[in-house]
Amino acid sequence: MDKKTLRDVDVKGKKVLVRVDFNVPVGKSGDITDDSRIRASLPTISYLLQNGAAIILVSHFGRPKGKVAPEFSLAPMAAQLAKLLSRPVPIAPSVVGSDAKNMAAALKPGELLMLENVRFHPGEEMNDPGLAKDLSSLADVFVNDAFGAAHRAHSSTAGVAAYLPAVAGLLMEKEITSLGSLISNPERPFVTILGGAKVADKLPVLTNLVHKVDALLIGGGVAQTFLAANGIHMGASPIEGDMMDDARKVLEVSRTRGIHLELPVDVIAADAFSETAHTQVVRRGDVPEGWLVLDIGPQTTARFIEHIKKARTVFWNGPLGVFEMAPFRAGTDAVAQALADSPAMTVVGGGDSLAALEQAGVASRIKYLSTGGGASLEFLEGRELPGVAALADRRQCSARARE
Ligand code: ADP
Ligand code: MG
């Protein structure tokens with residue numbers, strides 16, 4: 001990786017501002033339903049505590065839109081972290097201001113503090129330099145471990161790096177190297193599986209990855225627009241007409257490159273978007289009038305699995321059917337199982353995709369689960385993420401050292 005990490009700076013006796021991504025899913029009563037993102041920050045936090053730093057954690061949660069909103073408090077996340085670390089994690093009532101300042105100033109090596117939701121401050125999403133400066137005044141070093149927020153140029157993800165030595169945390173490093181190896185030097189064959197609801201969300205990543213992969217397997221709602229672009233009638237399935245030209249371009253590149261492109265050959269059609277709908281397995285051109293396609297069919301699933309078996313690298317984003325409803329989860333489950341059984345480097349990203357792996361009971365058998373969501377996709381689109389770009393370059397430093 002060409003960015004400096006926390007191992008490249010001396011943190012002993014320093015106050016370290018750590019941007020984490022504690023934007024975790026919560027249930028109706030506000031309880032945390034999945035603490036993976038909090039757990040994923042533990043290596044960085046433990047490293048810093050063991051190396052004599054004092055930690056000031058900063059994160060966003062939800063979209064409070066620059067106003068204090070108790071339902072978006074980070075108190076439950078601080079409590080969960082305290083449980084995981086078996087030590088207290090006090091929370092400063094605001095991001096900046098005298099309480100945060102005093103609490104940060106009083107921190108001793110080996111202690112930690114969490115700031116309240118940074119999006120309570122109107123400056124955060126505007127990347128306000130004033131807020132960035134105030135945040136930086138709390139610490140000596142900035143560690144960005146919030147890969148999931150790195151695609152945003154906000155005060156706490158990018159702006160603050162202008163005022164402090166800024167390095168990557170261990171999760172950030174792992175995300176960049178794991179996802180980076182997919183687009184720079186994947187072991188081949190490299191297979192990408194793409195599903196999910198909307199082509200518009202996936203087109204940029206498809207457009208980049210079609211140049212890198214040996215096989216591209218497309219399922220989910222996304223496949224319907226691709227099939228329609230090939231002139232196939234898809235019943236009442238929603239088709240994104242404005243995406244058809246771009247879809248055809250992806251198909252064209254896959255032909256020119258001579259890669260395997262798999263679209264569903266059979267599908268599960270339903271007479272309603274419902275768990276209790278009537279369903280049938282049909283060939284892809286035979287979707288009955290008024291019926292919706294809600295999963296890939298068994299033949300398609302088998303073809304996808306053949307590609308997965310031959311692969312040495314697999315990236316998967318987007319469920320292949322409406323996996324939240326039992327009649328439409330078979331394709332997603334079978335592919336999840338195939339990935340779990342594969343000796344290949346398997347990488348999965350996306351909130352719903354991770355939920356699908358959990359539902360299939362195979363999450364722990366996937367080699368790398370990206371915590372990134374939108375950031376993972378933007379990274380794989382080949383874009384430079386503002387939160388990554390803002391970190392100190394390793395090359396610059398070694399060039400300076402050589403002088
Ligand atoms: P991720 O969060 O992993 O990036 P997406 O959010 O892009 O995934 O897509 C997940 C959603 O796509 C799920 O809610 C799933 O029900 C939906 N989906 C998958 N296949 C279909 C389909 N054939 N028709 C409608 N929705 C679908
Ligand atoms: Mg999603």
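The values are calculated or read from the model by the stated rules, or taken from the named source; none is laboratory data. No experiment lies behind these values; they were computed from the predicted model shown. Reconstructed Cβ throughout: ideal geometry from the backbone, glycine too, with neighbour counts over all protein chains shown.
A few notes on this one:
- All of (1) modelled with pLDDT under 95; (2) assigned by TED's automatic domain parsing to the domain that holds Ala132; (3) touching an Asp or Glu at 6+ places or on another chain (Cβ under 8 Å) hold for Asp35 with one exception: (3).
- Matching residues, region 266-280, being assigned to a strand (DSSP E or B) and away from ligand 1 (no atom under 14 Å from the Cβ): Gln280
- Annotation: of all residues in region 207-235 being hydrophobic (A, V, I, L, M, F, W, C) and under 18 Å from Ala311 (Cα atoms), the one that is farthest from ligand 1 (Cβ to nearest atom) is Ala215.
- All positions within region 334-362 that are within 16 Å of ligand 2 (Cβ to nearest atom), within 27 Å of Ala150 (Cα to Cα) and not in a loop (DSSP other than H, G, I, E, B): Val348, Gly351, Asp352, Ser353, Leu354, Ala355, Ala356, Leu357, Glu358
- Being away from ligand 1 (no atom under 16 Å from the Cβ), surrounded by 19 or more Cβ atoms within 10 Å (Cβ to Cβ), more than 22 Å from Val265 (Cβ to Cβ) and at pLDDT 95 or above holds for only one residue in Thr346, Thr313, and it is Thr313.
For (1) within 10 Å of ligand 1 (Cβ to nearest atom); (2) without any contact (Cβ under 8 Å) to a residue 12 or more places away in the chain; (3) within 12 Å of the chain's Cα centre (by Cα), each residue gets a yes or a no:
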| position | (1), (2), (3) |
| --- | --- |
| Ser353 | yes, no, yes |
| Ala356 | yes, no, no |
| Ala360 | no, no, no |
| Arg365 | no, no, no |
| Leu369 | no, no, yes |
| Ala375 | no, no, yes |
| Glu378 | no, no, yes |
| Leu385 | no, no, no |
| Val388 | no, no, no |
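- Considering (1) closer than 30 Å to Ser364 by Cα; (2) in the same structural domain as Leu164 (by TED's automatic domain parsing), the lone condition that Met1 does not fulfil carries the number (2).
- Of all residues assigned to region 70-92, at least one qualifies as being among the β-branched types (Val, Ile, Thr), surrounded by 15 or more Cβ atoms within 10 Å (Cβ to Cβ) and at pLDDT 95 or above.
- Meets criteria (touching a residue at least 24 places away in the same chain (Cβ under 8 Å), surrounded by fewer than 18 Cβ atoms within 10 Å (Cβ to Cβ) and of a type in the set (Lys, Arg)) for Lys67: yes
- Filter result for Gly321 (assigned by TED's automatic domain parsing to the domain that holds Arg283, touching a Gly at 6+ places or on another chain (Cβ under 8 Å), modelled with pLDDT of 95 or more and not in a loop (DSSP other than H, G, I, E, B)): no
- Contact annotation: residue pairs with Cβ atoms under 9 Å, 6 or more positions apart or on different chains, pairing a residue in region 231-250 that is without any contact (Cβ under 8 Å) to a residue 24 or more places away in the chain and under 23 Å from Leu209 (Cβ atoms) with a partner that is of a type outside the set (A, V, I, L, M, F, W, C) and assigned to a helix (DSSP H, G or I), are Ile239/Gln224; Ile239/Thr225; Met244/Thr225.
Here is a yes/no grid of residues against (1) in a helix (DSSP H, G or I); (2) of a type outside the set (D, E, K, R); (3) in contact with a His (Cβ under 8 Å, 6 or more places away or on another chain):
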{"residue": "Ala153", "(1), (2), (3)": "no, yes, no"}
{"residue": "Ala161", "(1), (2), (3)": "yes, yes, no"}
{"residue": "Glu175", "(1), (2), (3)": "yes, no, no"}
{"residue": "Ser181", "(1), (2), (3)": "yes, yes, no"}
{"residue": "Val213", "(1), (2), (3)": "no, yes, no"}
{"residue": "Gln224", "(1), (2), (3)": "yes, yes, no"}
{"residue": "Leu227", "(1), (2), (3)": "yes, yes, no"}
{"residue": "Pro238", "(1), (2), (3)": "no, yes, no"}
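- Test: residue in region 156-164 that is in contact (Cβ under 8 Å) with a residue 24 or more places away in the chain, among the aromatic types (Phe, Trp, Tyr) and surrounded by fewer than 22 Cβ atoms within 10 Å (Cβ to Cβ): yes
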